[in-house]
Each structure stands twice: as structure tokens, then as C-alpha cells.
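Report on the structure given below.
Please treat every number below as a calculation from the coordinates, not as lab data. Values in this document were obtained by computation on a predicted structure and should not be read as measured data. As a convention, Cβ positions derive from the backbone with ideal geometry for all residues, glycine included, and neighbour counts pool all protein chains shown.
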Amino acid sequence: MVTADAAEIHQAAQALLDASLFSYQGEPIGTRAALSAGIAAENYVDCFIRDFVPSGLVFLFQGRAEIVRNFLRVALRLRGLQEEIEGHHRLPRVMPASFRVERDGYGDEVLHADFGDRAIGRVAPVDSMMWWVLTLQAYVNVTGDAALAEEPAFQRGLQSILTVMLNDRFEVFPTLLVPDASFMIDRRMGVYGHPLEIQALFFATLNAMQELLTPDQTTSTMLELAAKRRAHLTEYVRQFYWLDPLKLNEIHRYETEGFGHDVANPLNINPESIPDWVADWLPDDAGYLLGNLGPGRMDFRFFAQGNLLSMVFGLSSPEQNTAIMQLFDQRWPDLVGRMPVKLIYPALVGVEWQILTGSDPKNTPWSYHNGGNWPVLLWPFVAAALRAGRRDLASNAIDVARSRLYRDDWPEYYDGRSGRMIGRRSNVRQVWTAAGFILAEALLEQPDRLDFWDACIHP
Ligand code: GLC
């Protein structure tokens, strides 16, 4: 068995991160998703916007801010490359999921972006534009270089992202409605509607806008709307997404078919929709935010990234944060097991797997998105645990991951109920696994490093 001390493991992670950097016109602009030889899909040579976030944060904390600045500039420019979709009058101008540099027939460098028009399943990367804003906020706060965000191109970019997010939709909720597979889970997994992870990012982006967008005649009104929306969103998520034993009992005894404003069950959730596993699994003093919520629909699955980001960004309340960490503590074998952290608990099986994933062989039960363990979630786990005063859990999770990630050569994901096996179709040398690990260690050393994301005026 390969063994190494903590310093060697850190160096190996850093070497992988550095090797993944690629340049455009002589400047480093991004990190590839994976460097393994036989990579699972062609687009893993791209820089994914969401994958760059842990890399970018590491570079910022290491004083290599110019890489992040280049990345932010390039991603912003790429919005202009989006082709018009037939029948869409105005382009939504989202950020691409990923991009790469290629050589044209003359040997010149050209940027190629994927806006979901080439991605497997043709999914829309709604989270990209929000991660871009949050990376900009991190850049400004860590470097103090507010001038970058003030540049006209950046102001225009921020304004149009806010416009897309605040657009009127056929909706009565403060949450953001998105198609299936529009975020980290970028394959069909029954995550259409109002998935928690998108709501956490939406909340954080609305917050960030208050700091990054300069108020003028047009933007002042938008910023006011953004503040109102954030307040409604917070109240709605804290109240209606929250599940603890008390709330479960309430839902279990819900009256249905209530009409009017003052009904206890406004979304008409049928108690019969509570899955069998929930009642015995949820510990007495723990709780979590539901995976998704809409009319007649509660997705009771536990989505780690949505819960962790809600804590990191300040969408969940301090009491809820304590209860979520209590859940991790008490259900450690299920939610952390042999590799932090389980992406979704529990897995979809049988007919549910057939219908909700389209019988996806990559997402079989307890594999990949459908209940696999993803080491990249180590950094939000550590950040969230520290925020809730659970340094013990943060440090235990890093200990679980450290030697194994090194020995297995930084896999993308693990399979099985406890995450014991390397994922069936997992890449190795997955860059956000390594960057996430370095970031987790840096946060444990200095827990207040990400506080700028939660510096909002709480409603
Ligand atoms: C997979 C993941 C996605 C990630 C990409 C690159 O498609 O589901 O979240 O961004 O790989 O690592």
C-alpha cells in the first residue's frame, strides 16, 4: 500500500492542481477538470466554471490572484459567443458550463465554450453564472481590487445576470425554477423544479450583487428588488424546506385540499408521499433542508451540497446549521462513511431510478450522482462544519479523505453505500478533488477565510 505523510499528500494535490493550468495568449486562464489518461468523457479536458471555484479559491489564498482575474475576464467574454437558440428572441446569456483553448487551421488559439449545447444531455448550466459572481466576490474581498468589478464590462455582465435571475416567470414562489440537471448534478436525477443547491447559490448571488453592482438609475431599482427577493427566499426556505422530527410529524398529519391564504399545508403535500426511510432515519435532535419543493411535491432526499452551501452562504439559520451538523454526526456512516461526502442520500432504486434518471447506467443506485461519495464536497463540508462550531467533524472528515485520495490518485467519485469503492466510471487525477482537499486543509487552519460570502445584512 502507498503511504505518505500529510506534507507529501498536500504536495501531490498541489502538483496536480498546478499541472492542470492551461493558458490563452500566454496567460493562465483556467484548470482542466481531470488529467487522467483514459478520461471518461471528452469534455473533462475543459475548464468547468463550477470546477474552477475551489481551484480559484486556493489560488487566491496563495497570492496567485492573477489566474483568477484572467479566468473571470475570459468567462465574461465567452458569454458573447453563445449562439442564438432558434425561436428565442433574446438570449439569456448564461455563462458556459465549460471552455477550452483550441488551435484553428492557422495555428492560432481560439476559445471554445459549451453552453449546454454540446454537453452530454444538452443541459443548461444555470449554476455557472452564479459561481462566476461568487468567484468575483471572493477575488474582490481577498485582493481588495474592487476596480475589476467596477469595469464597465463587468458591471454590464453583473447587471445582465441579475436581470436573468429576476426575470418574471410563471411562478408564485420566491425560489428559482430550473430544468433538470442544471447544476453540479448535470444528468437527469429528478432534480427539476426548485433544487436546494440552486436556491443556495441564488441567495448568495443576490447577496453578492449588493456588494458588486454599483447603484445607478437602473441598477438601484434592481438592487432593491434583489434585496426583497433575498428576504422572501430566506424566509421561504427556512420555513418550508426545513425538516426535523417535529415538522415531519406535522407533515405526517397534514390536512390536504386546503384553499385560501391561511392553510397549514399551502403546497398541498400529501402525507402519503413521505418515503418509508425518513421517519426512522432522522435523529431526534437533527434536521436538514429538503432537496426540492413544489406544488404537491417534497423531495425528501438529503442533498449534501445544497445543505452545506446553505450553511456556508448563510441561507439556513444558526439553529438549523447546528441541527444539520448533528445529522452528519449521527448519520456519519451514511453521509460520510469511507469518503466525505455522500452527494445524495438515499439512492433512487427500481422503478424510481428507471423513471427519474431514464434508466441511466452511470447513475445506478449508490453510484455517481445517485448516492456516490464526492471528495470535492470536502471543502464545503469543512467550511460548513467550522461555521457551526464543529471543528471536530471538519477535522475527522479530512482524516478520512487524506490517505485514501492520495493512494487512489484523486478520484472524481466513489461508489457504494459507504463509498468504499472507486467509482465505476470515475476519472482519477480529478482536479477539483485535489483543489477541494487543499482548500479544506486551508480552511481548517483559518476558519474565517470564506466569511465574505456570509457578510450580508441578514433579513
Ligand atoms: C461531471 C459532474 C459536474 C462536473 C463535471 C466536470 O459532469 O457532474 O458537476 O462539473 O463532471 O468535473
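Provide the gained length on full extension for the span Ala455 to Asn249, in nm with one decimal, where the gain is 0.36 nm per separating residue minus the Cα-Cα distance.
70.7 nm is the gain from fully extending Ala455 to Asn249.
Amide H of Val336: which non-local residues (sequence gap of 5 or more, or other chain) have their own amide H closer than 5 Å, using H built in the peptide plane?
For Val336, whose amide H was placed from the backbone, the distant partners under 5 Å are Lys342.
For Leu177 paired with Gln239, estimate the spin-label separation in nm (one decimal), with each label point 7 Å from Cα along the Cα-to-Cβ line.
It is 2.1 nm.
Multiplying the sequence separation of Ser23 and Thr143 by 0.36 nm and subtracting their Cα-Cα distance, what value in nm do you get?
So the extension gain works out to 41.0 nm.
For a bin width of 10 Å, list the pair-distance distribution of segment 202-281 built from all Cα-Cα distances, rounded to whole %.
For segment 202-281, the binned pair fractions read 16, 32, 22, 19, 10, 1 percent.
P(r) tail for the chain, what percent of Cα pairs lie past 43 Å?
9 percent
Shape of segment 95-140 from its Cα gyration tensor (a ≥ b ≥ c, root eigenvalues): rounded if a/c is under 1.5, otherwise prolate when a/b > b/c, or oblate?
Since a/c reaches 1.5 but b/c is at least a/b, the shape of segment 95-140 is classed as oblate.
Hand me the chymotrypsin sites (Phe, Trp or Tyr not before Pro) from segment 203-303 located in a DSSP loop with no more than 10 other Cβ atoms within 10 Å, in residue order please.
Of the chymotrypsin sites (Phe, Trp or Tyr not before Pro), the ones in loops of segment 203-303 whose Cβ has at most 10 other Cβ atoms within 10 Å are Phe259.
Scan around Met189 for amide H atoms under 5 Å from its own, H built in the peptide plane at 1.01 Å from N, and keep only partners 5 or more places away or cross-chain.
Ala181
Given 0.36 nm per residue, what is the gain on full extension from Gln11 to Ala41 after removing their alpha carbon distance, in nm?
8.1 nm
Please give the per residue volume of the convex hull enclosing the alpha carbon atoms of segment 85-183, rounded to a whole number of Å³.
Per-residue hull volume (Cα only) is 167 Å³.
What residues have an amide H closer than 5 Å to that of Arg118, excluding those fewer than 5 places away on the same chain, when H is modeled at 1.01 Å from N in the peptide plane?
Sorted by chain and number, the residues that satisfy this come to none at all.
Return the sequence-ordered ³J(HN,Hα) values of segment 392-398 in whole Hz as given by the Karplus equation 6.51 cos²θ - 1.76 cosθ + 1.60 applied to θ = phi - 60°, using x for Gly and Pro.
Each residue of segment 392-398 in turn: 4, 5, 4, 6, 4, 5, 4 Hz.
In segment 99-193, which trypsin sites (Lys or Arg not before Pro) fall in coil by DSSP and have 13 or fewer other Cβ atoms within 10 Å?
In loop regions of segment 99-193 (DSSP not H, G, I, E or B), the sparsely surrounded trypsin sites (Lys or Arg not before Pro) are Arg122, Arg169.
Could you name the lysines in cross-link range of Lys247, using Cα to Cα under 26 Å and dropping any fewer than eight places away on the same chain?
Partners found: Lys342.
Given N residues in segment 178-242, what is its alpha carbon radius of gyration divided by 2.2 N^0.38 Å?
1.30
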